[in-house]
Every structure is written in structure tokens, then in C-alpha cells.
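Trainee: Can you read through this structure? Questions will come right after.
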Amino acid sequence: MFRLPVFREPLHVGRPNIGDREKLREKIDDALDRRWLSSGPLVRELEERVAALAGTAHAVATCNATVALQLAARATGVQAGAEVIVPSFTWVATPHALDWIGLTPVFCDVDEETAGIDPAHAEKLVGPATGAILGVHAFGRPCPIDELTELADRHGLPLLFDAAHALGSTHRGRPVGGFGSAEVFSFHATKFINSFEGGALVTDDPRVAERARAMRNFGIGEDREVISSGTNAKMSEASAAMGLVSLERVDALIDQNTRNHRLYEEGLAGLPGISVRGQAPGERANHQYLVIEIDQAAAGVHADQVHAVLERHNVLARRYFHPCCHQLAPYSDRPETHAPLPLPRSEALAERVLALPTGEVIGEEEIDGVCRIIRWAVETGCADGAPSTTD
Ligand SMILES: *Cc1c(COP(=O)(O)O)cnc(C)c1O
């Protein structure tokens, strides 16, 4: 038995994956030589690569995914003041993107299998003020896309997806990106493919793409005239360079994350009340998040306790997404955003989840260490003391 932390250096969730530095420097040098620093050939090339990966006709690169969600709402004609049905179990960027442009997020409960919108609950929330439905593919697993498509079509509503986690994942063998009216990816530093900061709106609808392109650039259309209101959501060439270099490794990263996922499953197998969240059978998943669920009744410990034990050993797990958005300011004080309460399945799921480190900086040895800490935590009921290390 030892008292030392199992890891001397902290292990983080979402530590950036970094591609080939030499190629990155070359691309940035080229941009400097051209003196073309924003919305240039590198952004164009990134858009082509992203559209190809998503299997969509169009990709519109942006400075981040939050503003891409706003473009998606605006470009699909969601009117100011409208309600948008969103899951509460998501990163707070999802409702904030809407709230910030005068739309009202109305929180929906989740389907626990996918951790996405429960279509039956969404249906109950549709009313005269509803302007759109925005699904989230939480942890890269597609939400119930078919049921939501049917629901949105039946009510004549735009269907949008926050696919910030889901680049490279598939639904019924088709890549995420081409569903609904538009989908949005994030290339933030902590996402598995990154452009320092960045995002993209993808769509098959040429009108949505055209409007989003103009709105991204102060409402300036193809013929350089102002045709609508707009914002500045443009991506820089330096970001596009990083995104292109990062995208070259997408298959290698998915392979590594998939291997990590299997190692975690093996390392935690047989522990009562502990399960590793998976993907739909037969689908490709990017596994960029490694999320376990801790069922307190069966495990005898709460996710909070396991989180604290991991932290003592320098494993900085994250309780994604706890608390749920409807429990956070400003939404917790605005009943119009979450009637009817409670959202029991979202709240229960948020109590159970814990995201663990994965990605290119995590290998077999680290995973073995993290699993031993969790095993110890469950087997001892998180009693005072420490699991053994080998040093
Ligand atoms: C990261 C994230 C966003 C926001 O992405 P940015 O590029 O940082 O603006 C939105 N939704 C979800 C689910 C995310 O995880």
C-alpha cells in the first residue's frame, strides 16, 4: 500500500492532439508568404475535407462551433423569439448559442441509451412558439435521428444537430453531418480534431450554405453586396492550417481511441455498477470521449467519490455533463426554458457519468493505472487510504 499518487504528472481529459508540426509550420509560412491570413485557400481546403468526411455537399468553416450553431439557426430561418427544443444533458454552449441571439432554449429529457433527445418528450414540447429542434450527438453517439427527423417533418420545423463530438461517427452507416437541415462540428483545442479554435456548419441544402456563408461574413453575399444581417464568424488561415494537419490523423486517432475504449472495458470488466458507455452496434464511433457510468446502488460509491479519488492520484476526470443545463444559471431561474420539470432521466444520467482521459497521449500503462484506481475505489467503498502503486 502506498500513499503516493499513482501518477506523478496529471492526466487530463481533452488534452489536445497535435499533428505534424513541420507540416503546420509550412502551411502557416505559405499563408504568410501569400499575405492572405483569413478566409483563404487553406480555409477552402479545410471545407472540402470536412464536407468529404461528413458526406455533405457543403461545409462552412467558422471561428468556433458556438457561432456556427447561431448561423445554423439563422440560416434555416428560425425567427428571433422562437423556442428551440434542446437536450439539457449537453455542454452549456448548446443553449447559450441560442440564448445569445434571442432564442429560447426549451429543455428536453434524454433517451438514456444514446444520451440524446428523447423524441417522445420532444413531441410533448412542440407548441406554437417552437421554431426548431436541436439534437446533440453527446459523446459522439448519434441521438435518435430518424425519430427526430420524422417529428420535425411532421411539424414543418428545421432540425439541427450539434455534432461537436461526432465528426467521423456514423448513423446507419452514413457519416454524421448530413442529417437534418444542418449539423455543426467543433474544432476547439480539446476536441479530437482541432484548429486551435474553430468549427464548421455542414449541410446538403445549397440555400442554407449560401446564407450561412454570407452571414459568416457580415452578411456579404457572393457578389460582394450586403444581402442580410450577419456577424463575423470567419476562420483564420492559421486555424485552417492546424485543422488540415489535424484532419490528416483522423483515422489514426479514431483507431487509438477505439483501442483505448477496449482497454478501459477490459480494465473495468466485472466491477459491479461500473459500465463504459458504448456506441450503437455496427456503427463507426470516434470514441473521442471515454465515459463511464457509476450506478451508486450497485457500485456502493457515487461518481463524485470516484472523481475525488482519481483526483488525489492526478487523474483529472470530468463530470460531463453535470449539472444539467436546466440546473445552471441563467436557465435555473427561467421556468419558460424547462417546463415541465423535472427532467428525471437527464438528472439521473448526470449523476452517473464520469469522463476519463483518452486520446493520443493516453496508452496502455495509463489506462491500467486509471482502472486500478477505480477498482480500488469501488472495492474499498472509497474508504480513506490509497490504492497501491508500483513505486
Ligand atoms: C465544445 C462544444 C461546443 C462548442 O464548441 P466551440 O467550438 O468551443 O464553440 C458546443 N456543443 C458541444 C456539445 C460541445 O462539446
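Trainee: Keeping to region 61-80, report how many residues are in contact with a Leu (Cβ under 8 Å, 6 or more places away or on another chain), at pLDDT 95 or above and more than 14 Å from the ligand (Cβ to nearest atom).
Mentor: Total meeting the criteria: 3.
Trainee: Quick check on region 199-216. Is at least one of its residues touching an Asp or Glu at 6+ places or on another chain (Cβ under 8 Å) and under 26 Å from residue 12 (Cβ atoms)?
Mentor: Yes, that holds for at least one residue.
Trainee: Within region 204-218, can you find the residues that are assigned to a loop (DSSP other than H, G, I, E, B), surrounded by 16 or more Cβ atoms within 10 Å (Cβ to Cβ) and in contact with a Gly (Cβ under 9 Å, 6 or more places away or on another chain)?
Mentor: Passing the criteria: only 204.
Trainee: Within the group 28, 18, which residue is away from the ligand (no atom under 16 Å from the Cβ), over 25 Å from residue 169 (Cα atoms) and not basic (Lys, Arg)?
Mentor: When all the criteria are applied, what remains is 28.
Trainee: Mind listing just one residue for me: the one in region 41-58 that is buried (at least 24 other Cβ atoms within 10 Å of the Cβ) and closer than 14 Å to residue 163 by Cα and, of those, farthest from the ligand (Cβ to nearest atom)? Even if it seems obvious, please write down each step before you answer.
Mentor: Narrowing region 41-58 to residues buried (at least 24 other Cβ atoms within 10 Å of the Cβ): 42-43, 46, 50, 54.
When the remaining residues are screened for being closer than 14 Å to residue 163 by Cα, the result is 50, 54.
On the way: 50: 13, 54: 16 Å.
Within region 41-58, the match that is farthest from the ligand (Cβ to nearest atom) is 54.
Trainee: Within region 155-178, take every residue that is among the hydrophobic types (A, V, I, L, M, F, W, C) and more than 16 Å from the ligand (Cβ to nearest atom) and give me the one that is nearest to the chain's Cα centre (by Cα).
Mentor: 159
Trainee: Any chance you could count how many residues in region 185-202 are outside any loop (DSSP other than H, G, I, E, B) and within 12 Å of the ligand (Cβ to nearest atom)?
Mentor: Matching residues across region 185-202 total 5.
Trainee: Mind telling me which of the residues 173, 127, 168, 140 ends up being over 30 Å from residue 246 (Cα atoms), not assigned by TED's automatic domain parsing to the domain that holds residue 289 and not basic (Lys, Arg)?
Mentor: 127
Trainee: Within region 14-108, which helices (runs of 4 or more DSSP H) (wholly inside it) include 3 or more residues that are in contact with a Pro (Cβ under 7 Å, 6 or more places away or on another chain)?
Mentor: Helices (runs of 4 or more DSSP H) meeting the threshold: 93-99.
Trainee: Do the conditions hold for residue 336, that is, is it part of a helix (DSSP H, G or I), without any contact (Cβ under 8 Å) to a residue 24 or more places away in the chain and more than 22 Å from the chain's Cα centre (by Cα)?
Mentor: no
Trainee: When you go through 182, 122, 152 one by one, which is the residue that is within 16 Å of the ligand (Cβ to nearest atom) and crowded, with 21+ Cβ neighbours inside 10 Å? Step through it out loud before you land on a result.
Mentor: Working: 122 fails: within 16 Å of the ligand (Cβ to nearest atom); 152 fails: within 16 Å of the ligand (Cβ to nearest atom).
Residue meeting the stated conditions: 182.
The values are calculated or read from the model by the stated rules, or taken from the named source; none is laboratory data. Remember, predicted model here, so these are calculated numbers, not experimental data. Every residue, glycine among them, receives a Cβ derived from its backbone with ideal geometry; neighbour counts consider all protein chains shown.
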